[in-house]
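Working notes for the structure below.
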Amino acid sequence: MEEMRDASLELLVELARPTSHDTVLDYASGAGMAGFAVAPDVRTVEAADELPDMLDEGRRLADELGLVNVAFRLVDLYVLPYDSGAFSLVVCRNAFHLLPEPVAALAELRRVTSAGGRLVLLDAVVDELTDKAFNDIARLREPAHRRHYFEQQIDDLVAQAGLQVTQRGRLRRTIDLDYWLQTAAVPAAKAGLIRGRFKELPVDVQARMDIAFSDRQVSFSYDLVGLRLERA
């Protein structure tokens, strides 16, 4: 699968440094791509989400890939059904921007992470120039979107939850707009509206987001930050 070769998954694995002794929680897992990325190197993966349809898709993909050590569970993301310290590794990829209560979510992840364990958080970040533009478009694409944060804001939220950053990584991701819209199942009419919004962005914002127009194709770039977290 194309997404399994995504550079963001490579960054996640680099920060996680999975081992054969690890029990892993893939938090707000969606279809489970983050868990799939570490599954070959760990004991077990529990993919947990509040969206039944995504979990069903994850089960289908896990069967297709032959990943027998990955299980899926429907959960309340703020009251996880696991004992304290149940996991030596927790991963959360491309979901932090969806959380209405990020500090509460991080505190719950801290609770289920074992002493000496680690948590890897990976998500898009913005700066002063792209903040409003990218967040407005992301919210139009996906109504559940809350916000992409400044990197310092994420650091502050992490600290409030009793965690500390022990390692970080960054990458610049360039993506085709049609693919980005398809992954969120955006209807055609709304897709056209979003495409128009990209064309209407101020020139300095277009330059910062590396927006490129070619025939009917549009591509753009954004920054991702990966954080390896441990108990403060």
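Bear in mind that the values in this text are calculations on the coordinates, not laboratory data. Since this is a predicted model, take the numbers as computed values, not measurements. Cβ placement follows ideal geometry from the backbone for every residue including glycine, while neighbour counts extend to all protein chains displayed.
Annotations
- Any hit, segment 111-124, residues being over 22 Å from P202 (Cβ atoms), in a helix (DSSP H, G or I) and without any contact (Cβ under 8 Å) to a residue 40 or more places away in the chain: yes
- Residue list for segment 65-87, filter: charged (D, E, K, R) and either over 19 Å from the mean Cα position of the chain (by Cα) or in a helix (DSSP H, G or I) (or both): D83
- The strands (runs of 3 or more DSSP E) falling completely within segment 153-232 that include 2 or more residues that are of a type in the set (D, E), surrounded by 14 or more Cβ atoms within 10 Å (Cβ to Cβ) and in contact (Cβ under 8 Å) with a residue 40 or more places away in the chain map to 217-231.
- Restricting segment 15-53 to residues that are in contact with a Pro (Cβ under 8 Å, 6 or more places away or on another chain) and assigned to a helix (DSSP H, G or I), the residue that is surrounded by the fewest Cβ atoms within 10 Å (Cβ to Cβ): D41
- Residues located in segment 21-31, provided they are of a type outside the set (A, V, I, L, M, F, W, C), over 17 Å from H97 (Cα atoms) and touching a helix residue (DSSP H, G or I) at 6+ places or on another chain (Cβ under 8 Å): D22
- Criterion: surrounded by fewer than 16 Cβ atoms within 10 Å (Cβ to Cβ) and within 27 Å of L171 (Cβ to Cβ) - qualifying residue of A62, A124, A144, A95: A144
- Residue within segment 56-64 that is assigned to a helix (DSSP H, G or I) and closer than 28 Å to L163 by Cβ present: yes
- Of all residues in segment 125-149, those that are more than 15 Å from F220 (Cβ to Cβ), more than 15 Å from the chain's Cα centre (by Cα) and either in contact (Cβ under 8 Å) with a residue 24 or more places away in the chain or outside any helix (DSSP H, G or I) (or both) total 2.
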